[in-house]
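Reviewing the structure listed below.
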Amino acid sequence: MVSEKNKFAYPWAIRAAAAFAVALVPHVALADLDDDGIAPVPALARPAKVIDPPVLFLLPQRALPFLEARGELMARVLDTEGAGPAHARALTDLAELHLSHGMASEALSILGNVTGAELPLAHRLRAAALELVVGLTDPLNRPLTDRAEKLLDPKHEDWADQPMLRVLSELKSGDCAAAAPELAEAFLRSDRFPAPLRARVLPSLLDCAIESRRWGLARDIAARFADHPELRDGTALHYLLGRVAEAGNDPLAAFDSYVRAQGGDDLWAHRARRAIVDLGLREEVLEPAEAVKLLSIETEIWRGDDHAARTLDDLASLQAITEDRLGALETYGRLLQRHPGTPQASAARQKARSLVEALYADGENGTLSLSRFMEVHARLTPWFRFEPSFALVSEGFADHFRDLGATTVAATEYGAIRDYLTAGADLGLFETSSAQLERLAVKEAEAMLEGAQFDALGALLADPPEPQDAELARRVELVKARYFDATGQAAELVAGASAGAPEQVLRLRAQAQFGREDWLQAQATYALLAERTGDDLPLPDAIRYMLAAHRSGDAATAATLAARFEGLTDLPQWAEIAATLTSVAPQLLPLRQGTARERLDSAGEMLDRLSGVQVPPDVN
């Protein structure tokens, strides 16, 4: 028996336990839910139920003319301005009216104003659902809004309209295989759509039914085309009937249907024109060259979507088959420019790269004539200048023409490659290495020098390249020295440091110092040159070296040179020259004191003549 005290204690304990249990169960207002319709709940609580959008009733609720209905709703929008939920309801009603008449852009613009965390979730979900319908039936093929796309998530699978909208989404992305299992349900539920929207989705439903060979469903869908004047004898119906005929192995009937559809200006007409070409090739009644002409025309008629990209890709493949590699590359270039960042562009880039390398290899090995090679390059540069791989083959093109003596063509090309690489890097299109830019700058300067383009070379050397690579730096110094020598800028030529200069630069600098009668500097520079070459110093350099030593009063060096360079002794009248130039000459060839000065002067004149006649070898 329970005591009197416990009679009061048990009810109190039960009430306390009940209160504790209630505290664990979330009580959340709609305003507390996130944009996905899920309430945040404590870890110990049961999973929150997802809040789905309301079922869509898109059929017009009233038989009012559009303008009259729109006027009433606009008045409601104005009257509820700032009223929160009431204003949101008026906006979504107005958007639904526009959508029910097929005005997707207007509906989307209105729904963009139904936002804000302060709005009840029901209004936000309804707006998102309408945006989803707009996105999936929009003829402009605009992307879905973020909140609309979230409604296709499996957590909203209990939403009655999701299966139909999921099928439309899969069809929009071209995945008929994924849409096929729910295709019949989507077709039945499309009856809830107003006529303008239903007319937009029926062709896609029929297209998938044909592709999945669900002929009974296809027949039912096709029968509904009669309810819509724009579909009853339209391009979509004739194109799709052509597909049915092809599936039934009746190419003549298919061709007839495609011809009836091809005259339009919509996607179905485009697909009909493509189908005519494909059917002609399969039945071997259309030559590849004729197909190339038809597809070339189609690439200009239909642009801007995946179908257009596929047409360009197919055209390029046909051109390659017909051995028109240049035409195929131009088509790939159009694909890259019209559809950047797409999977089709990535594939086209790889195919084009192989074709370009093969075509330029033919140009460099002589398979292509020079004029044809230049034509190929001129036609491809507008399409591929901003492709990093194209810079390499273009450099090979310039190298080839430079080797053949076309230095102006080469210099122009080196400069163009460098400019486009720099611009592409500045625009963030790709990365380029400083070594590549420096190499191109040096080659451009060399080509200008070889072609005697002194004005252009002078402008380039006003801000000369300063490569990090030692070999490139050596080549820059040589270009500068030869440029100063060729343009008579002796002061600039002799101004540089000689210690680390290349051999050819030392020779040009020594010649300039010799010509300026700077005997001490000429002797010093020739001495550095002699250290580099050893006993292989060319005879003209040895002559000037000895004469510079003589005129600077360094008789000992002159005597040493006479003994070091055996080639000097082969000169005519060498004995007389040696007798007058060396300090030991009087001991070897005794002369009268009175004639010493006369012999010295005549030896100098003879060396002048010899040094003028003997031309140094090419310093290339």
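Numbers below:
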item	result
Protection proxy ranking, peptides 358-366, 537-545, average beta carbon neighbours within 10 Å, highest first	537-545, 358-366
From phi via Karplus (6.51, -1.76, 1.60), per-residue ³J(HN,Hα) for segment 423-439 in Hz, x at Gly/Pro	5, x, 5, 5, 7, x, 6, 6, 9, 9, 8, 5, 4, 5, 5, 5, 4
For Arg334, solvent-accessible area (1.4 Å; no DNA, RNA or ligand), Å²	70
Amide hydrogen neighbours beyond the local backbone of Ile51, cut-off 5 Å, H modeled	Ile38
Average accessible surface area per residue within segment 334-426, 1.4 Å rolling probe, Å²	47
Whole-Hz ³J(HN,Hα) from phi, Karplus 6.51 cos²θ - 1.76 cosθ + 1.60, for segment 235-249, glycine and proline x	5, 4, 4, 5, 4, 5, 5, x, 5, 4, 5, 4, 4, x, 6
Assigned charges on the beta-carbon of Lys, Arg, Asp, Glu; segment 312-455 dipole about Cα centre (debye)	420
Segments 119-128, 228-237 sorted - mean Cβ within 10 Å per residue, highest first	119-128, 228-237
Given charges at beta-carbon only (K, R positive; D, E negative), |dipole| of segment 335-413 in Debye	420
Modelled FRET efficiency - R0 41 Å, Asp256 with Asp362, Cβ distances, 0.05 increments	0.35
Difference of contour (0.36 nm per residue) and Cα-Cα distance, Glu211 to Ala289	25.1 nm
Net charge, Arg198 excluded, C-beta distance under 13 Å - Lys, Arg +1, Asp, Glu -1	+1
Test item: Cα-centred dipole of segment 204-328, Lys/Arg +1 and Asp/Glu -1 on Cβ, debye	340
Protection proxy ranking, peptides 312-321, 552-561, average beta carbon neighbours within 10 Å, highest first	312-321, 552-561
Theoretical gain in end-to-end length, Asp146 to Asp306 [0.36 nm per residue, Cα-Cα removed]	55.4 nm
Pair Arg338, Ala75: separation of 7 Å Cα→Cβ label points (nm)	5.1
Per residue, the convex hull volume that the Cα atoms of segment 239-375 enclose (Å³)	116
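The values are calculated or read from the model by the stated rules, or taken from the named source; none is laboratory data. Everything numeric here is computed off the predicted structure, so don't read it as measured data. No Cβ is skipped: glycine too gets one built from the backbone with ideal geometry, and neighbour counts run over all protein chains shown. The accessibility values were calculated without ligands, DNA or RNA, using every heavy atom of the protein model including side chains. Shrake-Rupley method; radii C 1.70, N 1.55, O 1.52, S 1.80 Å.
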